[in-house]
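The values are calculated or read from the model by the stated rules, or taken from the named source; none is laboratory data. The structure displayed is predicted, hence computed values, not measured ones. Cβ placement follows ideal geometry from the backbone for every residue including glycine, while neighbour counts extend to all protein chains displayed. The protein model used for the area step is the full one, side chains on, heavy atoms only, and it has no ligands, DNA or RNA in it. Shrake-Rupley method; radii C 1.70, N 1.55, O 1.52, S 1.80 Å.
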Amino acid sequence: MKSQTAKQAFDAAPWTGRVRKYDIVKEATIAVVIVSMLVVLLSLIFSSPDDKQLTFRDWAKTNPTNFYATTVQELAGTSESAGYGPPYNNASAGLNVGPLWLQKWAGVTHPVDVPNDLVITPLTLSVLSAREASALATWKAATPDQQTTWATAYDTAIGDADGNYTAAAPGDYGPVPVLANALTNVAAQGSLDALLLAGGNFYSTDNTKQILFFGDGAYLDDAATAANLQGNTWGMMNETGRYPGQAWLWLYSIWYQIPPFINEESAPFGSNADAYIMFVVLGLTAGLMFAPLIPGLRSIPRVIPLHRKIWKSYYSEENIKRRK
Amino acid sequence: MTTQNLESETPTPEDSKMWTARLRNAWQRNLPIDKLLPDTQPAYVASWIYVFGVLTIAAFVDILISGLILAFAGPAWYHTSSLGLFVNSLHFWGVQLFFVFMVVHLWGKFWMAAWRGRRTATWITGMVAFLASIGTAFTGYLIQTNFDAQWIAFEAKDGFNAVGIGAFFTPTNIGQIMLIHVALLPLVLGVITVMHVLLVRKHGVVPPIDALPEIEA
Ligand code: HEM
């Protein structure tokens, strides 16, 4: 057996053995031509996925009941966004990995005041009937406690009626039913998308409020389930339709398929899965990145002799036997 | 600067201390032109696995060209015109091939233990390219401006928020993501690829495992 240093010096030294002609510029040119032809061919045959974007208009038109109920949740502060925590608000501390509360420490950098930003401001910027305008004025004049009392009472009543507001028991809900109905109309007319995006301003490129509102309801979620895009069914790697998606995310996606992470209810791993999995993947990536420096890991290619296949002809020409 | 007579322009030992001269000399020592563009390779460079690095570059070139067209024509174009959809398809399939080639390349180099002989930096720049590619593809999926993009933004924000990254990297902000995808990451990927390939040329192709001739003791 050779000393490790001799081997390393040999591997590092300029090659002095046999050589062969090798035209790298020609190789590169042929590669570009062939790959380009392949790309054109695949595009002609298979095209590419492009499922139409969802809009608030479609949501309010195809499933007004759900849109209405979601609006009430935004006002009541019971939606996912309202209770999200950083970076949008302080409603919760966010996820943690042991003593690391990174989500909380990073802070509220992207404040979203859920009832106002998602419901009240869009209504304020819309043309309303006299009845709707007076409901809006009533809401704005009420104390926060009063607002919450109305909205949560109505949210509970709708929940008891299985999400169907038309079947909700009567009660003291203040202006909330009129407001929810008004926003459903604004959405169905097609103006809510822009109102959430720009909020009365000219420029905006930030879709956070739209995405948050969308995520609180059933419309986006149902569409994703139908398209097989949910996280616990490898959705991260899937595309809409029969197209390959981000297959290279398998090492990240796999953790969402297995215990203890798959059960979102279980503490601490399941409920903090998003945070734990980030760390797991970070660790694995670092392992691969620094594989050349990690004893054991860097010897795997020597132990499992795939290299005998790769350099087969050279080994046989030079009559080099495998060494331990 | 003073004007000097001709004699003083002939190089003196002092001149090799100039920064410019040092850079030139270091380059010359490490990567002379016949090392950069050799017309021979060691005899063991005889396997299909060696083609995959170049194929990855080829796919990258295709992605840059189709991406440039998409950037000028704008997102609305490829939702509504069949030519737009076709260019979008070129971009999409270019990316799929790019990843297939790169992953084969990565595992090929792994099983060849191609980091041997002071080639650790080559491996690490490769891994950085791999990570930058994942970031580029991810942000690309976010700026599709279609249903898939909406869903990915909704889902992915939770992962980034969970570890505090969401505080500054915002999958739901298309303006930020578009800039990262079309400007920042292609630049990073281009620069790191150039470094990677220059390192490969500097060190030459790694010899086979056990190629060191056995000397009788
Ligand atoms: C943008 C992505 C990449 C491009 C364009 C690229 C390109 C290349 C090219 C053209 C070569 C020389 C020819 C060959 O052996 O295939 C090469 C060699 C190499 N690549 Fe990459 N590569 C990429 C990613 C990676 C990755 C992800 C790894 C592994 C982590 C990697 C590790 C290596 C190593 C170790 C060598 C030296 C091989 C030797 O000395 O025999 N590369 N790369």
Can you give the convex hull volume of the alpha carbon atoms of the stretch A:76-116 per residue, in Å³? 52 Å³
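Give the average, rounded to an integer, of partner chain Cβ atoms located within 10 angstrom of each Cβ in B:63-71. Walk me through the numbers on the way to the answer.
Numbers: counts 1, 0, 2, 3, 0, 0, 0, 0, 0.
Taking all residues of B:63-71 together, the mean is 1.
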Please work out the average accessible area per residue across chain B, using the 1.4 Å probe convention, and give it in Å². 49 Å²
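GluC sites (Glu not before Pro) within the stretch A:207-283: which are DSSP loop residues with at most 15 other Cβ atoms inside 10 Å? Numbers along the way, then the final one.
Values: sites: A:E239, A:E264, A:E265; in loops: A:E239, A:E264, A:E265.
Loop-located and lightly packed - A:E264, A:E265.
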I want to check the label-to-label distance for A:N63 and B:V197. Put each point 7 Å from Cα in the C-beta direction and report it in nm to one decimal. 4.9 nm
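Considering only protein heavy atoms and a 1.4 Å probe, what is the carbon-and-sulfur percentage of the accessible area of chain B? Mind dumping the intermediate values first?
Values: 7700 of 10680 Å².
Using a 1.4 Å probe with all protein chains present, chain B comes out at 72 percent carbon and sulfur.
Mind checking the dipole of chain A: about its Cα centre, +1 per Lys or Arg Cβ, -1 per Asp or Glu Cβ, Debye to the nearest 20? Present the calculation step by step, with values, prior to reporting the outcome.
Numbers: 23 positive and 27 negative charges, 636 e Å.
Approximately 3060 debye in magnitude.
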Specify whether the C-alpha gyration tensor of the protein assembly as shown places it in the rounded, prolate or oblate class, a ≥ b ≥ c being the square roots of the eigenvalues: rounded for a/c under 1.5, otherwise prolate if a/b is larger than b/c and oblate if not. prolate
Using a 1.4 Å probe on heavy atoms of the protein chains only, the accessible area for A:D51 in Å², nearest 10, reads 70 Å²
Under a 10 Å cutoff between Cα atoms, tell me which one of B:P38, B:P171, B:P75 has the largest fluctuation in the Gaussian network model of chain B. B:P38
Cα-based shape type of the stretch A:56-227, given that a ≥ b ≥ c are square roots of the gyration tensor eigenvalues and the cut on a/c is 1.5: rounded
Using 1/(1 + (r/R0)^6) with R0 = 41 angstrom and r between the beta carbons of A:Q53 and A:N164, what's the FRET efficiency to the nearest 0.05? 0.90
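Taking every residue in B:106-112, how many Cβ atoms of other protein chains lie within 10 Å of its Cβ, on average? Walk me through the numbers before you get to the answer.
Working: counts 1, 1, 3, 1, 8, 9, 5.
Rounded to a whole number, the mean comes out at 4.
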Just B:W107, B:W19, B:W27 to compare: in a GNM of chain B, with alpha carbon springs under 10 Å, which one fluctuates most? B:W19
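Tally Lys/Arg at +1 and Asp/Glu at -1 over every other residue whose Cβ is under 12 Å from the Cβ of A:K312; what's the total?
After counting each charged neighbour, the total is +1.
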Dipole magnitude of the stretch A:56-227 about its Cα centre (Cβ charges: Lys, Arg +1; Asp, Glu -1), debye to nearest 20: 320 debye
Comparing A:K140, A:K209, A:K312, which has the greatest mean-square fluctuation in the GNM of chain A with Cα pairs linked when under 10 Å apart? A:K312
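Kirkwood-based Rg over Rh for the stretch B:48-208 (C-alpha set), two decimals? Could the numbers behind the result be given before it?
On the way: Rg = 17.3 Å, Rh = 17.0 Å.
Radius of gyration relative to Kirkwood radius: 1.02.
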So, over other residues within a Cβ distance under 15 Å of B:P32, counting Lys, Arg +1 and Asp, Glu -1, the net charge is +3
Local electrostatic count at B:D158 - Lys and Arg +1, Asp and Glu -1, tallied over other residues with Cβ under 12 Å: -3
Which residues' amide hydrogens lie under 5 Å from the amide hydrogen of B:T40, considering only partners 5 or more residues apart or on another chain, with H built in the peptide plane? A:Y22
Run down the aspartates and glutamates and flag those whose C-alpha is under 14 Å from the C-alpha of A:K21, throwing out any fewer than 8 positions away in its chain. B:D34, B:D39
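Is the shape of the stretch B:157-202 best called rounded, prolate or oblate, per the rule: a/c under 1.5 gives rounded, else a/b larger than b/c gives prolate, else oblate, with a ≥ b ≥ c the square roots of the Cα gyration tensor eigenvalues?
Numbers: a/c = 5.34, a/b = 2.21, b/c = 2.41.
Judged from the Cα gyration tensor, the stretch B:157-202 comes out oblate (a/c at least 1.5, b/c at or above a/b).
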